[in-house]
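Taking it in order: structure first as structure tokens, then the write-up.
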Amino acid sequence: MRFSLPAALLAGCTCALLLQPAPASATDGSSRRGFPGGGTTTSLPLTAGRPLAARGTRPFELLGLRWDGPADALAGGAVRVRTRDADTGGWSDWHPLETAAEDGPDRAPHGSTAPLWTGRRDGVAVDVRPGPAGPPPGLRLELVDPGAGAPGGAATRTVPAAAPRPAIVTRAGWGADESLRDKDFEYTGPVREVFVHHTATATDYACADAPRVIRAIYQYHVQTSGWRDIGYNFLVDRCGTVYEGRAGGVDQPVHGAHTLGFNTDSSGVAAIGTYVDAAPPQPLQDGLAAVAAWKLSLTGQPADGRTRLTSSSDASRYPKGTVVDFDAISGHRDAFTTECPGTSLYAALPALRTAATRLQQPPAPQPPLPPTP
């Protein structure tokens, strides 16, 4: 989910839009949307030919770019950002944003970059180098503040299954603002496949902050990318805590937006963090195995088995209509040309399948107690 910014691309740009820190203006076309749960999204236009006033920003914790038109409108271009720490005032190094569409529904309403979790920031600089087609219309920077979250507890529901159901923090538990998403739910056929992802966000977060990260991703997926809800069906933090993702019932075959071309009859589980070089912690692997084993066992699918799915999009790794034979637990890269779920986490998938298969096995019978004398 990360990429290197070629030096030649930066040197040969035809258009650059640079945003630097300074007081915000009320006449520059920026807008701010607030939500009942306390979250906000600030939108700053990045229109080619229209200089942007230098500025600081309202506090935010996640950012990304959005545009009107097709998802690949920035193909051949590059985007990088710097952010200012709200506590220290220090500026980060430049960080590239991924412009290619990977996660998402099979028919995205408009284009957006992958989101970048930044932590608490109050200033930003953006360098946009459009591709051969030029800057897409409606290009704007979206700054997400997840807020305190909607009130609620971390109640769970127990559903009988062959594999034990892991404890799952509900949407209320991580503070989802239910007014943001579509009210209707979409369901697929029985879930026979689990695709493992990473969110490509910071890896060294405190586990207590995971709900804030999830709220920010949720807000970005819905308000910026225009999806009906958060894309993933489940998320797992570095401490192994499992969170409910897209609404509709954790035990139901909810249609997600996680693996372009293969969102049907599958479930997307995202590891919170970036696991390219960093090794996924064992608690995280345990959480992924637990939720995958349970979800697959609801339809009698062995975690170490195979699943045949049909591609619904030419933008996936396989042309539309191609029948593909997957491991029942696969990585995002198996279905789409991407680095996700990161080299280190992808290398751990065989052990994850083994652990999930073990969880699906019935407990060994206990020897009878000796007779009471």
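The values are calculated or read from the model by the stated rules, or taken from the named source; none is laboratory data. Keep in mind it's a predicted model, so treat the numbers as computed, not measured. Glycine also receives a Cβ, built like all others from the backbone with ideal geometry; neighbour counts cover every protein chain displayed.
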message: Return the residues of the range 206-235 that are over 18 Å from Thr41 (Cα atoms) and more than 11 Å from the chain's Cα centre (by Cα); say none if nothing qualifies.
response: Ala206, Cys207, Ala208, Asp209, Ala210
query: Do the conditions hold for Ala150, that is, is it buried (at least 20 other Cβ atoms within 10 Å of the Cβ), assigned to a loop (DSSP other than H, G, I, E, B) and at pLDDT 85 or above?
result: no
task: For Val236, state whether it is touching a residue at least 40 places away in the same chain (Cβ under 8 Å) and surrounded by 24 or more Cβ atoms within 10 Å (Cβ to Cβ).
output: yes
- line: Of the residues in the range 174-204, those that are buried (at least 17 other Cβ atoms within 10 Å of the Cβ), under 21 Å from Ala289 (Cβ atoms) and not hydrophobic (A, V, I, L, M, F, W, C) come to Arg192, Glu193, His197, His198, Thr199, Thr203
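Within the range 179-224, work out how many residues are assigned to a helix (DSSP H, G or I) and of a type in the set (Lys, Arg).
2
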query: For the range 181-206, what are the residues that are over 25 Å from Asp327 (Cα atoms) and among the basic types (Lys, Arg)?
result: Arg181, Lys183
- line: Scanning the range 39-76 for residues that are of a type in the set (Gly, Ala, Ser), at pLDDT 75 or above and outside any strand (DSSP E or B) gives Gly39, Gly69, Ala71, Ala73, Ala75, Gly76
task: Scan the range 345-364 and report the pairs whose first residue is more than 14 Å from Ala290 (Cβ to Cβ) and whose second residue is in a helix (DSSP H, G or I), with Cβ atoms within less than 8 Å and a gap of 6+ or a chain change.
output: Tyr346/Arg333; Ala348/Gln285
- prompt: Looking at the range 219-230, is at least one residue under 22 Å from Ile329 (Cα atoms) and assigned by TED's automatic domain parsing to the domain that holds Ala315?
  reply: yes
field: Pair list, Cβ < 7 Å and 6+ apart or interchain, from the range 255-276 residues that are of a type in the set (Asp, Glu) to residues that are part of a strand (DSSP E or B) and surrounded by fewer than 24 Cβ atoms within 10 Å (Cβ to Cβ)
entry: Asp265/Leu309
message: Looking at the range 229-236, can you tell me whether even one residue there is out of contact with any strand residue (DSSP E or B) (no Cβ under 7 Å at 6 or more places or on another chain) and not small (Gly, Ala, Ser)?
response: yes
message: For the condition assigned to a loop (DSSP other than H, G, I, E, B), outside the structural domain of Ala71 (by TED's automatic domain parsing), of a type in the set (Ser, Thr, Tyr) and surrounded by fewer than 23 Cβ atoms within 10 Å (Cβ to Cβ), what is the one hit in Thr337, Thr307?
response: Thr337
